[in-house]
Amino acid sequence: MNMVSCSSIAPRRIPQQKRGQRRVNAFLRAAAAVIAEMGYERATMCAIAERSHSCVGSLYQFFPNKLSLAEALRNQYVKTIEQSWIALGRQAAGMTAEDFTSRLVELQIGIIKNYPVLLTLLDVPTISHARRELIRTRIAEALICHQPRMSKATALRVAAVVQQISRGLLSLYARADGNEGIAIIQEFKSVLTGYLAPKLRA
């Protein structure tokens, strides 16, 4: 297991002015594009700097290495992802178990389509488990909105299983192309429906 320290991935500089923030945002957009296209291992700091129309020295002023960029990208997207799960919770009460599961899968595929770099970052080391716990909590809340009799402890346990299943199937989806990707989504729905539907009807 790879060990990652906080100091090794923390940004070197936190921009205090709008100009600096714009530069950081440009670096993050470039990193997302390069990593999504080339893969994490092949992506380089030089390629990211070039994509952002900047020099690599400027990039290193803000980010000490590629892993710090990956961590910053994940942090950037987590709030949007959190809001997607909250929105699902608001809609959950009026859905059947099958509709809820289908919507859950569609939500995750939608996130990946909007932020394709996240698929590439699935296997990249991280020290932050707070993001994963935050999303687990939001999934659990959506489950309780659909099935109010479900206890919080059960919902959190089920949410953890949903996360693990999703991670495996999204990894398969990342390696698929064309029709195979569509088929993986259908398998994704079948697996989660088989697991979730009985619990949501209980």
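The values are calculated or read from the model by the stated rules, or taken from the named source; none is laboratory data. Quick caveat, the model's predicted, so the values are computed rather than measured. Neighbour counts are summed over all protein chains in view; Cβ atoms, including those assigned to glycine, are modelled from backbone coordinates with ideal geometry.
Restricting segment 41-70 to residues that are over 13 Å from V24 (Cβ atoms) and in contact (Cβ under 8 Å) with a residue 40 or more places away in the chain, the residue that is surrounded by the most Cβ atoms within 10 Å (Cβ to Cβ) is A70.
Figure legend. Inter-residue proximity from segment 175-196: first residues farther than 10 Å from S102 by Cβ, second residues hydroxyl-bearing (S, T, Y), beta-carbon distance below 6 Å, spacing 6+ or different chains. Indicated pairs: G181/Y173; I184/Y173; L196/T101.
In segment 11-29 there is at least one residue matching the filter, namely being under 30 Å from I182 (Cβ atoms) and either at pLDDT below 90 or surrounded by fewer than 17 Cβ atoms within 10 Å (Cβ to Cβ) (or both). When K79, K113 are checked against the criterion of being farther than 19 Å from I165 by Cα, at pLDDT below 90 and within 15 Å of the chain's Cα centre (by Cα), K79 stands alone in meeting it. Residues that are of a type in the set (D, E, K, R) and closer than 26 Å to I182 by Cα within segment 107-131 comprise K113, D123, listed in sequence order.
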